[in-house]
1. Looking at this structure, is residue 325 charged (D, E, K, R) and touching a strand residue (DSSP E or B) at 6+ places or on another chain (Cβ under 7 Å)?
2. From the list 345, 364, exactly one residue is open to solvent by 50 Å² or more (accessible area, probe 1.4 Å) and of a type outside the set (Lys, Arg). Which is it?
3. Could you check region 188-221 and list, in sequence order, the residues that are within 22 Å of residue 99 (Cα to Cα) and in a strand (DSSP E or B)?
4. Within region 289-296, is there a residue that is open to solvent by 30 Å² or more (accessible area, probe 1.4 Å) and modelled with pLDDT of 95 or more?
5. Filter region 300-309 for residues that are open to solvent by 60 Å² or more (accessible area, probe 1.4 Å) and touching a residue at least 40 places away in the same chain (Cβ under 8 Å); which is nearest to the chain's Cα centre (by Cα)?
6. Restricting attention to region 135-168, and to residues there that are in contact with a helix residue (DSSP H, G or I) (Cβ under 6 Å, 6 or more places away or on another chain) and open to solvent by less than 10 Å² (accessible area, probe 1.4 Å), which single residue is farthest from residue 183 (Cα to Cα)?
7. Of all residues in region 178-188, count the ones that are closer than 18 Å to residue 144 by Cα, touching a residue at least 12 places away in the same chain (Cβ under 8 Å) and out of contact with any Phe, Trp or Tyr (no Cβ under 8 Å at 6 or more places or on another chain).
8. May I ask you to list the residues in region 222-268 that are in a strand (DSSP E or B), without any contact (Cβ under 8 Å) to a residue 40 or more places away in the chain and open to solvent by 60 Å² or more (accessible area, probe 1.4 Å)?
Amino acid sequence: MRRFSLMVTLLLTFQGTCLLAQTTEIPEDSIQLSFKPYGSFRGHFAVYNEELEMQENGSRIGFEFGVKRKKTRFYAGSELQLNMFKGDASFNADANTSGGFLIAESQQARQVFATRLGYIGVDFHKWGNFSLGKQWGVYYDVTSYTDKFNVFGGQASATYVARTDGGAVGTGRADQALIYRNKIGPVSVGAQVQARTGVNGHFLDGYGLSAQVDILEGLKAGVAFNQAYLVDTLVNSGGILGLTDQPNYFTIGASYTGKRFELGAVYAMETNGDLSQGLANVSGQGIVTPTVVYDAVGVEFYGKLKFEKFNLIAGYNYYNPATEDITLPTGERPISPDYERQYIILGAEYRPIETAYFYSELRISSGKTALGTDEIDAFTVGIRIDVERLTTKTIKR
């Protein structure tokens with residue numbers, strides 16, 4: 001708790017004593033220091049399965065520190081997830097902090113703090129930006145178009161695969177990643193490599209590419225590809241059901257942000273890219289629960305209609321895994337052939353002040369789980385408070 005108290009103290013101190021960032025160019029013989037602490041505190045009541053539950057919703061605290069001279073800026077940042085209510089359940093896919101990919105356990109114990117981001121980098125202005133560490137990958141440059149709901153969504157774009165934050169495979173908050181980003185006119189590009197381990201038989205552990213183009217004011221389109229590398233003996237052994245090759249991911253999407261409304265659409269396609277825990281009754285062995293890897297396609301839509309203090313939200317997630325041909329040696333199917341994720345999202349926001357608001361979201365599901373049971377409907381009502389402040393100071397050399 002000492003670390004949390006220190007972060008909150010810094011956040012409130014810099015909020016109250018902040019200096020406005022200078023808009024004039026920094027003198028050549030000077031250095032500009034910047035510090036941006038921030039926090040987002042979120043929680044809600046959820047109604048599902050005829051039960052009422054209080055849930056944490058991905059609260060986080062963080063900071064970014066920068067040093068700039070002329071047009072070159074060095075920076076470092078860190079972000080921690082804060083489990084304020086000590087609950088184990090959350091509907092928010094972005095709240096996943098567990099790593100790995102082929103993990104036998106389906107749930108990681110939620111601690112008070114968990115690492116979301118940690119990175120260092122350098123911005124060379126027109127020559128681009130290099131960053132190193134745990135950070136949002138270039139695949140997310142595109143899938144972020146629809147990952148804007150307060151609670152639901154983000155479950156059909158192959159971002160948070162295998163109930164993780166997408167860190168190991170690089171689709172979400174990529175682990176041990178070196179990323180280059182630049183914008184040239186209306187075109188933004190990104191390139192990513194991962195170096196997570198030295199024992200998997202590959203020089204690199206994955207790479208990704210993204211490209212986006214500004215079409216009109218507020219309107220852009222993008223495409224991204226991500227390739228991950230697992231240990232070859234694991235892929236070639238045949239010991240993991242459905243795993244026939246290295247995981248890869250492709251996405252394409254479009255986004256519009258205007259004064260009155262926001263829209264986003266994403267299509268995703270993955271090969272050997274996700275997994276679920278299966279269940280089967282095998283003669284002579286009893287109940288078995290194998291891990292099953294599969295291909296899948298998904299689509300996501302997001303929309304927001306904005307008023308002065310009130311917003312309406314609507315969206316759709318559809319995720320279709322290809323599991324029909326995956327069977328145990330005995331012929332049993334560990335994953336239901338009806339498995340698919342499909343739900344509509346309806347929501348609203350009321351913003352009495354700029355940095356805090358009430359939210360509510362309803363998920364109406366019509367899909368099936370990996371075991372063939374009905375996906376549940378859920379209704380949430382909660383509060384979100386966002387605090388962010390930039391402090392800068394110029395030092396003459």
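The values are calculated or read from the model by the stated rules, or taken from the named source; none is laboratory data. In this text the structure is predicted, and so the values were computed from the model without any measurement. Here Cβ is always computed from backbone atoms with ideal geometry, including for glycine, and neighbour counts include all displayed protein chains. Just the protein is used for accessible areas: all its heavy atoms, side chains included, with ligands, DNA and RNA removed. Shrake-Rupley method; radii C 1.70, N 1.55, O 1.52, S 1.80 Å.
1. Details: charged (D, E, K, R): yes; touching a strand residue (DSSP E or B) at 6+ places or on another chain (Cβ under 7 Å): no.
No; evaluated as a whole, the condition is false for this residue.
2. Selected residue: 364, the only one of 345, 364 that is open to solvent by 50 Å² or more (accessible area, probe 1.4 Å) and of a type outside the set (Lys, Arg).
3. Pass one, region 188-221, residues within 22 Å of residue 99 (Cα to Cα): 191-209.
Scanning region 188-221 gives 191, 192, 193, 194, 206, 207, 208, 209.
4. So far as region 289-296 goes, yes, one or more of its residues are open to solvent by 30 Å² or more (accessible area, probe 1.4 Å) and modelled with pLDDT of 95 or more.
5. 301
6. Initially, region 135-168 is screened for residues in contact with a helix residue (DSSP H, G or I) (Cβ under 6 Å, 6 or more places away or on another chain), giving 154-155, 157, 159-160.
Still in the list and also open to solvent by less than 10 Å² (accessible area, probe 1.4 Å): 154, 157, 159.
Details: 154: 26, 157: 24, 159: 23 Å.
Of everything passing the filter in region 135-168, 154 is farthest from residue 183 (Cα to Cα).
7. The qualifying residues number 3.
8. The answer is 250, 256, 257, 267.
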